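Engineer: One structure is given below, represented as C-alpha cells, and several questions about it will come after.
Bear in mind these aren't lab numbers, they're just calculated from the coordinates by the rules spelled out. Keep in mind it's a predicted model, so treat the numbers as computed, not measured. Cβ sites come from the backbone with ideal geometry, for glycine too, and all protein chains shown count toward neighbours.
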Amino acid sequence: MGAIETGIGMVLHWNVILTIVAASAFGLVVGAIPGLTATMAIALLVPITFFMDPIPAVGAMIACSAMAIFAGDIPSTLMRMPGTPASAAYTDECYAMTRKGQAQVALGANVLFSALGGLFGTAVLIVSAPLLAEVALGFSSFEYFWLALLGLLCAIFIGTGSPLKGLLSLFLGLFIASIGIDNPAGVPRFTFGNAELLGGVDFIPAMIGLFAVSEVLRAMASGAPDWEVKQTAIGNPLKGWGRMMVQYWPQQVRGNVTGTAIGILPGAGADIAAWVSYAMSRKFSKQPEKFGTGHVEGIIESTSSNNAALAGAWVPALVFGIPGDSITAVVIGVLYLKGLNPGPTLFLNNPESIYAVFTIFILANIAMIPLGLLALKAGTALLRVPRRLMMPIILLFCMVGSYAVNNSVYGIVLMLVFGVLGFLMEEHEVPIAPCVLGIVLGKLLEESFVTSMIKADGDLLAFFERPVAAGLGIVTLLVMALPLVQAVRRRKAVAG
Amino acid sequence: MRVNDLILSLLVLIAAAALAAVSFTLPPIPGQRFGAAVFPLTVACGAALCGVILAVRALRSGAGPAVSLSWVQEKGALPRVAMTLALIVFYIFAAPALGFVATAILTLLGLFLVLRVPLPVGIPVAAVTAVAVYFAFANLLRVPLPRGFIEGWL
C-alpha cells in the first residue's frame, strides 16, 4: 500500500494540480482549433515540460492529450470540421445533429462519454499494466524486436491510407533514427562530419516540425482565412445525460472495450479507434438507417472509443517502452529525459511513479466534465480568433520550443527541415505518423535486431525459438500478410 | 505542388541507392558479422522495394501529370510559403545579433504582412507577444534566449 499512497501523494500537490489544469486548458484550446491535432498540442508542450519535475510533466501531457481529443468534437459539431483527426469518424453525424437544432445533445454526449471512456481505459491500464510488466520482465532482445516491429507494422497496415506510402514513411523514420553515433557499433553514421548530428536527430524539434510547422505552412499557403462559425446558441448540454446512459449503455461499453483494445495495440491510436467504433455501431445498430441523419448512437460509441484508446495506448508505452500511438511516441521520449525509463523495470524500481501516473489519469478524466462544459461555452468564441494572427504566433512558439531543447539554433534548423519535409509528405499523401514511430522505435528495433543476430550468429530461425517470441513473430507475419490477403480478395471480387 | 508517383518512386530509388552506398563504407564491429551497416542496409533494401512497387503501380494505372500544381496555382500562395520559410531563416541568423525580442517582433510583423493583417493591429500584437514569450521562457523557464539591446531594458 505504501507505494500507492506515495504515488497519490505525489499528485496531490498544488503545483501538480495547477499544472494539470493549465495543460488541460491548453489541450482544450489546441484540440478545438481545426488543423491542430492532439499530437501537435503535446509536441508544443514538450519544451515546457523540460523545466518541470517528472510527475507534473507527465501529468501535463496526460491531461492535455485527453482534453484535446475531446475538444476536437467541438468544431466538428459546430462547423463540420474535426478539431483533431480522432473526431473525423463521426463529424458528419455530429453536424447533422446541429442542423437539427440538437447541438447541445451532441456536445453533451461528447463530454460525458469522452470522460467515461477515458476512465474505462484508465481502469484497464491500472489492472493490466502491472500484470503485463511481470510477463515482460522475462523478455529478451528477440521479444523486443518482434514487439517493436509489430508496433510499426500495425501503424501502417491497420491505419487509414495507402500501406505502401506508410511503409515509405516508416523507412524514412528508421533512417532518421540511424543518424548519429548512438548505435550498437558506436560508429558515427550519416553525420557528414557535422558535430551537431553526432548526437542524432533531436526528436522534439523533428516532431514540432512535422506536426506543427507543416500545418502552419499549409495555413500560410491558403492565406489563413477565418472560419465561418454559424451556430452560436448552445442550450443545456446536461440535458438527456441520464436517458442516454440508460438507453445506450451497450454502445458505450462496446465503444470503451474496442477503444481500449485498439489503443493497447502498439501503433494504432485514437483516430483508428473512432473509425472502427463508428462502423461497428452502425453494423450492430437496430436502426442503421438513422446513421448519418443526426443520430446520437454512433457518436456515443465512437467518442467513448477514442478517449478509451488514449489510456489504452499507455499500456505498451509504460510496460515495453513501445508507443501505442503518436502521442505516446512523444511521451516516451519525455519519460526517458525525465529518468523514468519506460519498461517493466519501471514497475519494480519506481512503483510510486506508476501509481502517480494512474492517479493523474483518473483526475484528468474526471476534470474533463467541468472543464469540458466550460469549453463548450467558450468554444464558439475560440473559433472566432483570427487565424491570420494565430498562425504566426504558433510559428514563434515552434521556434522558441525547438530552441529550448538544447538552447541552440540547431533545434530551429532541424524544425525547419522537418517542417518542409512534413509539408511535402502530406502533399504526396505520405502519412507522417509511421515516420514518427520509426524515429522513436528505430533505436530499439536496431539494437534488439543486431543483438539478437549476434546472439544467434545470423540464424534467423532463432527469432522463433522462444515461445513468446515465436507467438509475437507469427502475429507480426500475419499482420504483414494482411494487405496481400485483402488484395487477393479484391481481385477475386472483381473477377467474380 | 506534387510530383507523380513515378517520379516519387525514382527519387526513393536514388535515395535508397545512396543510403546503401554510404552504408557499405561503415566499418564492422571487430570479430562480429553484424555491425553498423546491417540496419541502414535493411532500411535501404526495404525502401528500394517500396520504390519498385510504387513504380510498377504507377506504370500500370497511368502516372498522371509529372507535376501537379494544386495550391501553387492559388494567387499569392507560393510567395506566402516562400516568405514564411525566409522569415524562419531570418530568425535563425538575426536572433544572435539583434536579440530575441527585436527579431521576434520583426518575424511576426513579416508574417502578419504576408497575411495582410493591418499594421495598427499587427504592431501591438507582435510587440506584446514577443515580450510575453520572452518573459515566459527567459524569466520563468530560464531558457537563455539570445539577448540584444531591448532585453537589457526588460
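Engineer: Under 8 Å for C-alpha pairs, at least 6 residues apart: give me the relative contact order for region B:1-84, rounded to a whole percent.
Structural biologist: This gives 46 percent for region B:1-84.
Engineer: Moving to a separate point now. So how strong a dipole does region A:271-399 carry about its Cα centre when Lys and Arg Cβ are +1 and Asp and Glu Cβ are -1, to the nearest 20 debye?
Structural biologist: Magnitude of the dipole: close to 480 debye.
Engineer: Taking 1 over the mean of 1/r across every pair of different Cα atoms in region A:51-209, what Kirkwood radius in Å do you get?
Structural biologist: 19.8
Engineer: Could you check the simple spin-label distance between A:Phe51 and B:Val67, using points 7 Å along Cα→Cβ, in nm with one decimal?
Structural biologist: Spacing of the two 7 Å Cα→Cβ label points: 4.4 nm.
Engineer: Run through region A:384-476 and list the trypsin sites (Lys or Arg not before Pro) located in a DSSP loop whose Cβ has at most 13 other Cβ atoms within 10 Å.
Structural biologist: A:Arg384
Engineer: If you don't mind, there's one more thing I want to ask. What size of dipole, in debye to the nearest 20, comes out for region A:342-496 about its Cα centre when the only charges are +1 on Lys and Arg C-beta atoms and -1 on Asp and Glu C-beta atoms?
Structural biologist: 800
Engineer: Here's another thing I want to ask about it. Using the Cα centre of chain A as origin and beta-carbon charges of +1 (Lys, Arg) and -1 (Asp, Glu), tell me which of A:Ser281, A:Gly372, A:Ala60 is placed farthest towards the positive end of the dipole.
Structural biologist: So the residue we want is A:Ser281.
Engineer: Lys/Arg Cβ at +1, Asp/Glu Cβ at -1, dipole of the protein assembly as shown taken about the Cα centre: which of B:Pro28, A:Phe418, A:Phe449 is farthest positive-ward?
Structural biologist: Of the options given, the answer is A:Phe418.
Engineer: Moving to a separate point now. Restricting things to alpha carbons, find the Rg to Rh ratio for chain A using the Kirkwood radius for Rh.
Structural biologist: 0.96
Engineer: Take region A:68-148, drop everything but the C-alpha atoms, weight them equally and run the Debye formula without solvent; then report log10 I(q)/I(0) at 0.11, 0.13, 0.20 Å⁻¹ to two decimals.
Structural biologist: Results for region A:68-148 at q = 0.11, 0.13, 0.20 Å⁻¹ read -0.47, -0.57, -0.82.
Engineer: How high is the FRET efficiency between B:Leu141 and A:Arg384 when r is their beta carbon distance and R₀ equals 22 Å, given to the nearest 0.05?
Structural biologist: E(calc), rounded to 0.05, equals 0.15.
Engineer: Stretched out fully, how many nm does the piece from A:Ile4 to A:Lys492 gain, at 0.36 nm a residue minus the Cα gap?
Structural biologist: Net length gain for the segment: 170.0 nm.
Engineer: Per the Kirkwood treatment, what hydrodynamic radius in Å, one decimal, follows for region A:10-114 from the mean inverse distance over all distinct Cα pairs?
Structural biologist: 14.0
Engineer: Could you work out the percent of alpha carbon pairs in region B:35-88 separated by over 12 Å, rounded to a whole number?
Structural biologist: More than 12 Å apart: 77 percent of the Cα pairs in region B:35-88.
Engineer: Tilt of helix A:163-177 relative to the longest C-alpha principal axis of chain A, in degrees (0 to 90, nearest 10)?
Structural biologist: Around 50 degrees separate the two axes.
Engineer: So what's the projected area for region A:418-496, the Cα convex hull averaged over all directions, in nm²?
Structural biologist: 8.3
Engineer: May I pose another question? Average projected area of the Cα convex hull of region A:274-412, in nm²?
Structural biologist: Averaged projected area of region A:274-412's Cα convex hull equals 12.4 nm².
Engineer: Next up: Identify all lysines with a Cα-Cα distance to A:Lys239 below 29 Å; exclude those on the same chain that are fewer than 8 residues away in sequence.
Structural biologist: Straight-distance partners of A:Lys239: A:Lys100, A:Lys230, A:Lys283, A:Lys286, A:Lys290, A:Lys377.
Engineer: At 7 Å along Cα-to-Cβ for each site, give me the label-to-label distance between A:Ile366 and A:Asp226 in nm.
Structural biologist: Rounded to a tenth, the inter-label distance reads 4.0 nm.
Engineer: Based on Cβ point charges of +1 for Lys and Arg and -1 for Asp and Glu, what charge dipole magnitude is obtained for the protein assembly as shown about its Cα centre, in debye rounded to the nearest 20?
Structural biologist: Charge dipole, the protein assembly as shown, about its Cα centre: 1660 debye, nearest 20.
Engineer: Report the chymotrypsin sites (Phe, Trp or Tyr not before Pro) located in region A:170-210 that are in a DSSP loop and have at most 10 other Cβ atoms inside 10 Å of their Cβ, or state none.
Structural biologist: Here the chymotrypsin sites (Phe, Trp or Tyr not before Pro) that fit, given the DSSP loop and packing criteria, are A:Phe192.
Engineer: What share of Cα pairs, in percent, lie more than 22 angstrom apart in region A:348-496?
Structural biologist: Of the Cα pairs, 75 percent sit more than 22 Å apart.
Engineer: Still on this structure, please answer the following. For region A:214-294, what number results from the quotient of the Cα radius of gyration and 2.2 N^0.38 Å?
Structural biologist: 1.54
Engineer: Let me ask you something else. How high is the FRET efficiency between A:Val253 and A:Leu460 when r is their beta carbon distance and R₀ equals 41 Å, given to the nearest 0.05?
Structural biologist: 0.45
Engineer: While we're here: Could you work out the equivalent-ellipsoid semi-axes for region B:35-154, taking the square root of 5 times each eigenvalue of the Cα gyration tensor, largest first, in whole Å?
Structural biologist: 43, 25, 10
Engineer: Considering the Cα trace of region B:1-93, what is its radius of gyration and what is Dmax, both in angstroms?
Structural biologist: 19.4, 62
Engineer: As I understand it, the dipole of the protein assembly as shown uses +1 on the Cβ of Lys and Arg and -1 on the Cβ of Asp and Glu, about the Cα centre. Which of A:Leu265, B:Ala63, B:Ala138 lies farthest toward its positive end?
Structural biologist: B:Ala63
Engineer: Using 0.36 nm per residue of separation minus the Cα-Cα distance, give me the extension gain between A:Val246 and A:Glu289 in nm, one decimal.
Structural biologist: Answer, rounded to one decimal: 13.3 nm.
Engineer: What do you get for the angle between helix A:270-284 and the principal long axis of chain A? Use alpha-carbon atoms, 0 to 90 degrees, nearest ten.
Structural biologist: Tilt relative to chain A: about 60 degrees.
Engineer: Sticking with this one: Once the Cα gyration tensor of region A:325-397 is diagonalised, what are the square roots of 5 times its eigenvalues, in whole Å and ordered largest first, as equivalent ellipsoid semi-axes?
Structural biologist: Ellipsoid half-lengths, sorted descending, are 34, 20, 8 Å.
Engineer: What Kirkwood hydrodynamic radius, in Å, does region A:158-277 give when the mean of 1/r is taken over all pairs of distinct Cα atoms and then inverted?
Structural biologist: It works out to 19.6 Å.
Engineer: Let me ask something additional. Within straight cross-link reach of A:Lys455, meaning Cα distance under 23 Å, which lysines are found once same-chain residues fewer than 8 apart are removed?
Structural biologist: A:Lys443
Engineer: Taking the Cβ-Cβ separation of A:Leu137 and A:Glu429 as r and a Förster radius of 45 Å, what is the calculated FRET efficiency to the nearest 0.05?
Structural biologist: The value I calculate is 0.60.
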